[in-house]
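Below: one structure, written as C-alpha cells.
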Amino acid sequence: MEKTLHYLIMANHLLFQKSLIVNIKDTDLTLGQPKVLDYLLYHDGVVQKEIAGACHIEPATITSVLLGMENKGLITRKNLNGNRRSLYVYLTDEGKILAKRIGIEFESIEDNALKGFTNEEKKMLTDFLIRVNQNMKKEGEVCDE
C-alpha cells in the first residue's frame with residue numbers, strides 16, 4: 001500500500017501541510033488561509049468564486065475562510081462599479097506582508113521536498129502531476145471546477 005499512487009500523494013500532501021503549519025504557527029492562520037494568501041498575492045482583486053476554484057475550496061467554505069481573514073485584517077472586500085452581487089477581495093498591507101512570508105515558506109518546503117532532484121527531474125515531476133490533474137478532471141473525478 002505504501003507505494004501506491006493514492007497513498008503517496010496523500011502522505012506527501014499531509015507532510016507538506018504539517019511542515020507549513022509548524023513553520024507558520026506564530027501567524028494564527030487556519031489550514032485554508034495560507035493558500036488563499038498565496039493566491040491573492042498574484043491575483044489581488046478577484047471575486048471569491050475565483051479564489052474558491054483556484055484554491056480548491058468549496059464555495060460555502062471560502063466564505064468562512066475569507067471572513068476569518070477579514071477579521072484578522074489580512075483582506076478587505078469591496079463592491080466595484082456598484083455591482084452589489086460581486087465582492088472583490090484585496091489584500092491589506094498586513095496581508096501582503098504575510099502572503100510574501102507564506103510564499104517563502106512554500107518555497108522552503110518545496111526545496112526541502114525536492115532536495116537531490118535535478119532541474120530536469122523537478123520539471124518532469126511537475127509535468128506528471130499536471131497530467132494527473134488533467135486526467136482526473138477529464139474523468140469527472142473532481143467536482144470542484
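Calculated accessible area for the range 23-100 comes out at 58 Å² per residue, all protein chains present (probe 1.4 Å; ligands, DNA, RNA ignored).
Using a cut-off of 25 Å between Cα atoms, the listed pairs Lys35/Lys115; Lys35/Lys72; Lys25/Lys122 include Lys25/Lys122 as exceeding that distance.
For Cα extents along the principal axes in Å, the candidate list reads (i) 52, 37, 27; (ii) 34, 31, 25; (iii) 66, 31, 21; the entry that matches the value derived from this model is (i).
The slack between Ala11 and Arg131, meaning 0.36 nm per residue of separation minus the straight C-alpha distance, is 41.2 nm.
Note on Lys78: accessible area is roughly 100 Å² with a 1.4 Å probe, heavy atoms of protein only. Kindly list the residues of the range 79-123 that lie in the label zone of Asp28, defined by a backbone N under 17 Å from the point 7 Å along the Cα-to-C-beta vector. Zone members listed by number: 92-99. Using a Förster distance of 22 Å, how high is the FRET efficiency between Met124 and Lys3, based on the Cβ-Cβ distance and rounded to 0.05? Approximately 0.75, to the nearest 0.05. For Lys72, neighbours were defined as the other residues whose beta-carbon sits under 12 Å from its Cβ, and their charges (Lys and Arg +1, Asp and Glu -1) total -3.
The values are calculated or read from the model by the stated rules, or taken from the named source; none is laboratory data. Every value quoted in this text rests on a predicted model; they were computed, and no experiment measured them. All Cβ positions, glycine included, derive from the backbone under ideal geometry; neighbour counts span all protein chains shown. When the accessible area is computed, the model is the full protein with side chains, heavy atoms only, and any ligands, DNA or RNA have been set aside. Shrake-Rupley method; radii C 1.70, N 1.55, O 1.52, S 1.80 Å.
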